[in-house]
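Bear in mind these aren't lab numbers, they're just calculated from the coordinates by the rules spelled out. Just so it is clear, the structure is predicted and the values come from calculations on it, not from any experiment. Quick reminder, even Gly has a Cβ in these numbers, built from the backbone with ideal geometry, and neighbours come from all protein chains shown.
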Amino acid sequence: MEKKVALKDVAQHIGVSVALVSYVLNGKEKEARVGADMANKIRKAAAELNYQPNLIAKSLKMGKTKTIGLIVADISNPFFSTIARIVEDEAKKHGYVVIFGSSDESAEKQLDLIDVFSTRLVDAFIIAPASGTEKQIETIVKRGIPVVLMDRFFPGLKVDCVHINNFNAAGKAVKQLIKNNRKRIGMVAYDTMQSHMQDRKQGYKAALKENSIRFKKQWLVEASYQNIEKDVAAKLKALLKPLQVDALFFATNSLAVAGLKEINKLGIKVPDDLAIISFDESDAFDFFYSPVTYVSQSLVDIGKEAVKLILNRLHNKSKKNADVIVEARLIVRESCGSKL
């Protein structure tokens, strides 16, 4: 095995001190008053000898690794993969590397990821938290590690977060269906106590009430995250055969994709028989014969704000906890029954 080149090897190669080589290769030649010719000579020697800095040792010495741990529900979901890319690109501009992990909405998996990232000495966390993980977040804060919650948050937990107003966004979607003369509007959501999902359910119910439509319990279909396809298929079949609603509001894009498969199987026509609106975008929506109306969360803004908040924490620029609310827009297309 080829021996790894150390600083002392570079120093011996050109006959200077290890300290001098260290100053130059760490970009501190001006502080050490090293001349331009000598600095160039040292860099050239390092390149010729294929010197590679020991980043782990350097990180331990500095107490910083310039890495951010990003934990989302599912990195394969377009919503999270898009945000992850935005976070990665934005962090890179400031010299940080992002490492990713998917919790699959499991508190246990999220804890495992936090432990793994912590052993790799990440400087900070950006997390879309799984349900019931408040204590995990509190533990990170107590360790003095900056953390930002993204997309979801825990009311009462003192930590920076960035999200949309889920209550208002859901209400706006349901009001669009009512505007299009739909009076029996169902909702497909996850069976969870997470605040963002609860807000979407409450926004849905409030919009019905505001328009004098009495909510019926059977209109709200709830599926488990771990069993989306089977849950959505079975429960929608009960609601749609025979057709008990004239519109459906899906709480996420994953639920919508699973729902559209079942709607197609049942031969129900969108939007003639059933109007559709979903939360969040999906590539699948463009290929559906009736392009799907959806609530667009500004992923660029969410990603950029999350990085901005974490950098403020890392550089001690923030004292008060920030609660950043990003605007959501309704992208109206054929599936909701609007005449475009």
Practice item. Straight distance only, please: which aspartates and glutamates reach the Cα of Lys41 with their own Cα at less than 13 Å, same-chain residues fewer than 8 apart left out? Key: Glu29
Study note, to complete from the structure: Note to self, the chain gives a 222 nm [θ] from helices alone (DSSP H runs n ≥ 4, -39500 (n - 2.57) apiece, / all residues, nearest 500) of -14000 deg cm²/dmol
Study note, to complete from the structure: In a Gaussian network model of the chain with springs linking alpha carbons closer than 10 Å, the residue among Asn180, Asn40, Asn168 that fluctuates most is Asn40
Practice item. Can you give me the P(r) profile for the chain? Cα pairs, bins 20 angstrom wide beginning at 0, each as a whole percent. Key: 27, 43, 20, 9, 0
**Study point:** Sorted by Cβ neighbour density within 10 Å, fewest at the top, the residues Ser212, Ser298
**Key:** Ser212, Ser298
Revision key, fill the gap. Expected sort for Asp280, Asp231 with the fewest Cβ neighbours (10 Å cutoff) up front is Asp231, Asp280
Practice item. Restricting things to alpha carbons, find the Rg to Rh ratio for segment 243-333 using the Kirkwood radius for Rh. Key: 1.18
Revision key, fill the gap. For the chain the mean separation of alpha carbon contacts under 8 Å (6+ apart) over residue count, i.e. relative contact order in percent, is 16
Review point. In whole Å and largest first, what semi-axes does the C-alpha gyration tensor of segment 7-53 yield when each eigenvalue is scaled by 5 and square-rooted?
Key: 15, 10, 10
**Study point:** Gaussian network model of the chain, springs between alpha carbon atoms under 10 Å - residue of Ala328, Ala170, Ala234 with greatest fluctuation
**Key:** Ala234
Point to revise | Max mean-square fluctuation residue, GNM over the chain, Cα-Cα springs under 10 Å, options Gly267, Gly303, Gly132 | key: Gly267
